[in-house]
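A short write-up of the structure that comes next.
The values are calculated or read from the model by the stated rules, or taken from the named source; none is laboratory data. Bear in mind the structure is a predicted one, so any value in this text is a computation, not a measurement. Every residue, glycine among them, receives a Cβ derived from its backbone with ideal geometry; neighbour counts consider all protein chains shown. Calculation scope for accessible area: heavy atoms of the full protein, side chains included, ligands and nucleic acids excluded. Shrake-Rupley method; radii C 1.70, N 1.55, O 1.52, S 1.80 Å.
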Amino acid sequence: MSIFFYPFYNIREKHMEGVTANFIREETILPSCIIKRVITEGDGDLIVPNTKIEMLFETYEDDGKLISSETLIHTIINYAEGADKSAIDYALLSMKLNEIAYVKVSAGRHIVKGNSWDDIWYKINPHKIESNIDIIMPDTLSIIREEEIATEDNFKIIKKVMQEGFDNLPTPESKISFNLEFRHMDGTLAESLATKSIILTKILNPGVHKGVQLVLKTMKCSEEAWVLIPENYHYVDSAANRPVWAYIFVTEIIINSNILLPQNEPFLREEILSSDNGVIKRVVKEGEGDLVPANTKIWLKYEGRTEDGFEFQKPNEFVIGNDKLYSEAWHLALESMKRGEVAWIKATKGHHIIGDFINETLWFKFYLEEFLVTREINPNAPLPSKLAAASEIMNDGNRLYSTKKYADCRTLYNKAHQLLTLRKGAFETMEDEELKKQYVAVRTRACLNCAQISIINAEQANGLKKRIEYLDKVLEKCNEVIGYDSKNIKANYRKAIAYKMKDDIPKAIEIIEFLLKIQPESKEISTLYAELVRKGGSIKAKEKLMCKGIFDRWENEMHKEDEEEKKINERKKAEKIIESQEEVKRNREIREKAEEENRQKESIKKLRSQLEKGFIVDTMDPEDENVDFLLGQDENVSEGENSS
């Protein structure tokens, strides 16, 4: 047997002569079973953990063919007791500075690509050593549990929990204070331990490490963890395009107690809008009139929140046709609402199109302020039909005027006025006197409405030229009404307003004096008259005003109005403060009640656990009705059995 072995060995040794010739000694390193052949002895002591090493590192195939040659910087960490080490680390821990050795690593113990099924030889020469460096390898530390946190692009963040936290997880807008440190994958320090504090938002803050934010959402107060953060989820410059380890210890969480949870908000009634219960409406305030029809222009005030209270859409106003809504939840909700209605709309996954929260249940608060039905107008219709259509259009305009939708209101008033325009001579030749009266009444209303909205437009106009154009329209429409009825109060009053805005005070005073003859007790007319006189009326007009005592009466009335307005504002302010205090108190009572119920449940759970383990609780009140329940006793158990 020995005769066969030595020739075989000599043949192989000759084959490996370029790699392992002239070695001083050979040793087998346990427990890795790698073979080390020393070419040159080193200096000093053996290499120890927590050492940074610069070395020549060459890789050879088993037949002696060179695969690679390079200078490497390698770090040996301080492994936990009993932990397995890499083959290179086993070899280095057996070497000294400047030692040169060939190390044979069997298949399965190395990571050389293309040679995974072959044995490999390394030539190692450590020529520079830095000992006692700060190295921590989270992979080797003892942990309680491990948790994976998925990202939106399918990366995984690994959280290794070393110490559990307590209390609840943070909610959006919570303030979190924590200690943060970053380590490279080789355990060396990337960023020193520092104290941080952020406001945790639902949407990731671009100025903060994304991976850290995602992890903080899963951590409780006093929780301690090492977290493996993939590239593109941190901003550590020295580890760009590489993963890093982050040490996080949460020191404090301040929950935002004022956060609004839409699912807990009070409501009058609930209505299921979709067959799968994916869209639900909770009415806060009932609306009036008809439901929103198709082909309608809608004025909507809305806001949006997630179920944990994050406000992803601040209160906003929205004007759109309901034929242009792309969200199923919005379609179903708006077609079920009336004018003035306020409601919370719940939209589960698949029923809304908010991209950042596409997989979450969202809540929208809708206030349907106004809607406008598109009316079909036939310019060739008979006059009675036109009168009815014009009245409906002006009713729509009046609603918009009351909610200050002036642009759309002007369009409707002008449309009604245009619809009632007759061909030349048609009014004079109209034989039906009743129809003629109806026409004058509706036409007068249309002219007065156009005059009023033109006054508003003149007040809001940019530039003198535009302002004068609107005022000329006021005069035109008022003169048309005065042509039907010279004593029409509204037409003359709005005409006087137009002259006042044009700074033609004498003409305005002349019209107002005419109106005072018709309605001498009118407060509104008297107030305008006094204002015009103060602004620059004639001495004669002032004398007339004083003689009538209007000026003094105007002063007194203005003072009374100011006082009344002041009182109303103070009362509204006080009511708002009281309402706010009551809301805060109500929310606090709800929260305290829920917390008390949770404490009672935890107390009973803990007590039951102690009793099941055979612990005796001396503080148990015999009069407490929960005692028998916790002990699981039956009412028929005898006193003797009970005591045992």
Strands (runs of 3 or more DSSP E) wholly inside the stretch 271-336 containing at least 3 residues that are open to solvent by less than 20 Å² (accessible area, probe 1.4 Å): 279-285, 296-306
(1) closer than 24 Å to residue 136 by Cβ; (2) open to solvent by 40 Å² or more (accessible area, probe 1.4 Å); (3) within 16 Å of the chain's Cα centre (by Cα); (4) of a type in the set (A, V, I, L, M) all hold for residue 189 apart from (3)
When you go through 589, 579, 625 one by one, which is the residue that is at pLDDT below 80 and either closer than 30 Å to residue 258 by Cβ or open to solvent by less than 90 Å² (accessible area, probe 1.4 Å) (or both)? 579
Could you pull out the residue among 565, 531, 596 that is surrounded by 10 or more Cβ atoms within 10 Å (Cβ to Cβ), closer than 30 Å to residue 258 by Cβ, at pLDDT 70 or above and of a type in the set (D, E, K, R)? 596
Can you say whether residue 172 is in contact with an Asp or Glu (Cβ under 7 Å, 6 or more places away or on another chain), closer than 28 Å to residue 357 by Cα and not charged (D, E, K, R), as far as the supplied structure shows? yes
In the stretch 445-480, what residues are open to solvent by 20 Å² or more (accessible area, probe 1.4 Å) and either polar (S, T, N, Q) or part of a loop (DSSP other than H, G, I, E, B) (or both)? 449, 452, 460, 461, 462, 463, 479
The correct count of residues that are assigned to a loop (DSSP other than H, G, I, E, B), aliphatic (A, V, I, L, M) and open to solvent by less than 50 Å² (accessible area, probe 1.4 Å) in the stretch 137-167 is 1
Is it true that some residue in the stretch 86-94 is surrounded by fewer than 16 Cβ atoms within 10 Å (Cβ to Cβ) and on the phi < 0 side of the Ramachandran plot? no
Here's a check for you: in the stretch 172-186, which residue that is open to solvent by less than 40 Å² (accessible area, probe 1.4 Å) and farther than 19 Å from residue 229 by Cα is modelled with the lowest pLDDT? 172
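So that you can scan it fast, the table gives a plain yes or no per residue for (1) open to solvent by less than 50 Å² (accessible area, probe 1.4 Å); (2) within 37 Å of the chain's Cα centre (by Cα); (3) more than 19 Å from residue 444 (Cα to Cα):
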{"site": "345", "(1), (2), (3)": "yes, yes, yes"}
{"site": "351", "(1), (2), (3)": "yes, yes, yes"}
{"site": "358", "(1), (2), (3)": "no, yes, yes"}
{"site": "372", "(1), (2), (3)": "yes, yes, yes"}
{"site": "384", "(1), (2), (3)": "no, no, no"}
{"site": "402", "(1), (2), (3)": "no, yes, yes"}
Selection count where residues are of a type outside the set (Val, Ile, Thr), surrounded by fewer than 20 Cβ atoms within 10 Å (Cβ to Cβ) and either in contact (Cβ under 8 Å) with a residue 40 or more places away in the chain or at positive phi (or both), scope the stretch 95-122: 10
Using beta carbons and a limit of 9 Å, which pairs, at least six apart or on different chains, have the first residue in the stretch 36-63 and at positive phi and the second one β-branched (Val, Ile, Thr)? 44/129; 50/75; 50/76; 50/77; 50/133; 50/135
Return yes or no: is residue 611 over 24 Å from residue 264 (Cα atoms), open to solvent by less than 80 Å² (accessible area, probe 1.4 Å), at pLDDT 80 or above and not aromatic (Phe, Trp, Tyr)? no
Can you confirm whether residue 339 is among the basic types (Lys, Arg), surrounded by fewer than 19 Cβ atoms within 10 Å (Cβ to Cβ) and at pLDDT 90 or above? yes
Which condition number does residue 405 fail, the rest of (1) out of contact with any strand residue (DSSP E or B) (no Cβ under 8 Å at 6 or more places or on another chain); (2) closer than 28 Å to residue 389 by Cβ being met? (1)
Within the stretch 406-437, residues being surrounded by 14 or more Cβ atoms within 10 Å (Cβ to Cβ) and either among the hydroxyl-bearing types (Ser, Thr, Tyr) or touching a Leu at 6+ places or on another chain (Cβ under 6 Å) (or both) number 5
Kindly indicate whether any position in the stretch 214-236 is charged (D, E, K, R), touching a Lys or Arg at 6+ places or on another chain (Cβ under 8 Å), open to solvent by 20 Å² or more (accessible area, probe 1.4 Å) and in contact (Cβ under 8 Å) with a residue 12 or more places away in the chain. yes
Among 446, 407, 451, the single one that is among the hydrophobic types (A, V, I, L, M, F, W, C), more than 24 Å from residue 496 (Cβ to Cβ) and within 48 Å of the chain's Cα centre (by Cα) is 407
Report the residue count in the stretch 43-57 for those that are farther than 20 Å from residue 140 by Cα and open to solvent by 20 Å² or more (accessible area, probe 1.4 Å). 6
Output the number of the condition that residue 396 fails; it satisfies all remaining conditions of (1) under 19 Å from residue 295 (Cα atoms); (2) touching a residue at least 60 places away in the same chain (Cβ under 8 Å). (2)
Single residue of the stretch 68-77 satisfying the filter (among the β-branched types (Val, Ile, Thr) and at pLDDT below 90) that is surrounded by the most Cβ atoms within 10 Å (Cβ to Cβ): 76
